[in-house]
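The values are calculated or read from the model by the stated rules, or taken from the named source; none is laboratory data. Here the structure is a predicted model, which is why all the values come from computation and not from measurement. Backbone-built Cβ (ideal geometry, glycine too); neighbour counts: all protein chains shown. Side chains are part of the model used for accessible areas, which takes the heavy atoms of the whole protein and leaves out ligands, DNA and RNA. Shrake-Rupley method; radii C 1.70, N 1.55, O 1.52, S 1.80 Å.
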Amino acid sequence: MVDFAKERDWEMYHSPRNLLLALVGEVGELSECFQWKGEVPKGLPDWKEEEKQHLGEELSDVLLYLVQLSHYCGIDLGKAALRKVHLNAIKHPVNRYIKSRIPEEENKKSNNEADQDNNNNINGMAENLQN
Ligand SMILES: Nc1ccn([C@H]2C[C@H](O)[C@@H](COP(=O)(O)OP(=O)(O)OP(=O)(O)O)O2)c(=O)n1
């Protein structure tokens, strides 16, 4: 994508702010694909092939601007996303949400333990990041 912009002499326009605005514009175009359709079943079984292809184009535009925005902000998006997946798992432990899997008393206990683990993990991560 960086070469794509360089070849067209567009690099001067690709500031973080402009890329963010372009990204938001494409999110608007993506929303239009779903506009006025009501709730849509997963897999979009009733959509025509052209509609799905158009949806793929809009999703790609969002992704391509996101990748460029990350690049020009000096963020390694792959690394940042993997770290965030890890943080999400710590913040939202499975047994807090799937209560039917464990008896109530044990669940209370495991929630307290999970909270303690969370705090330890988050503090540990924060320390690692500072070092
Ligand atoms: N300065 C630009 C212009 C375009 N693109 C790339 C990123 C997107 O993937 C796509 C967006 O192109 P358009 O601006 O032509 O937008 P659309 O493809 O959505 O066309 P339209 O708005 O006519 O539906 O091209 C880019 O990187 N930098």
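Of the residues K52, K37, the single one that is assigned to a helix (DSSP H, G or I) and either without any contact (Cβ under 8 Å) to a residue 40 or more places away in the chain or touching a helix residue (DSSP H, G or I) at 6+ places or on another chain (Cβ under 7 Å) (or both) is K52. Inside the stretch 70-88, residues that are more than 14 Å from the chain's Cα centre (by Cα) and in a helix (DSSP H, G or I) make up a count of 2.
Within the stretch 67-75, at least one residue is at pLDDT 95 or above and within 10 Å of the ligand (Cβ to nearest atom). The lone criterion from (1) surrounded by fewer than 10 Cβ atoms within 10 Å (Cβ to Cβ); (2) at pLDDT 95 or above; (3) assigned to a helix (DSSP H, G or I) left unmet by M12 is number (2). The residues in the stretch 6-36 that are within 29 Å of E50 (Cβ to Cβ), more than 10 Å from the ligand (Cβ to nearest atom) and over 18 Å from the mean Cα position of the chain (by Cα) can be counted, and the count is 4. Evaluation of Q53 against the conditions (1) more than 9 Å from the ligand (Cβ to nearest atom); (2) open to solvent by less than 80 Å² (accessible area, probe 1.4 Å) shows that the sole unmet condition is (2).
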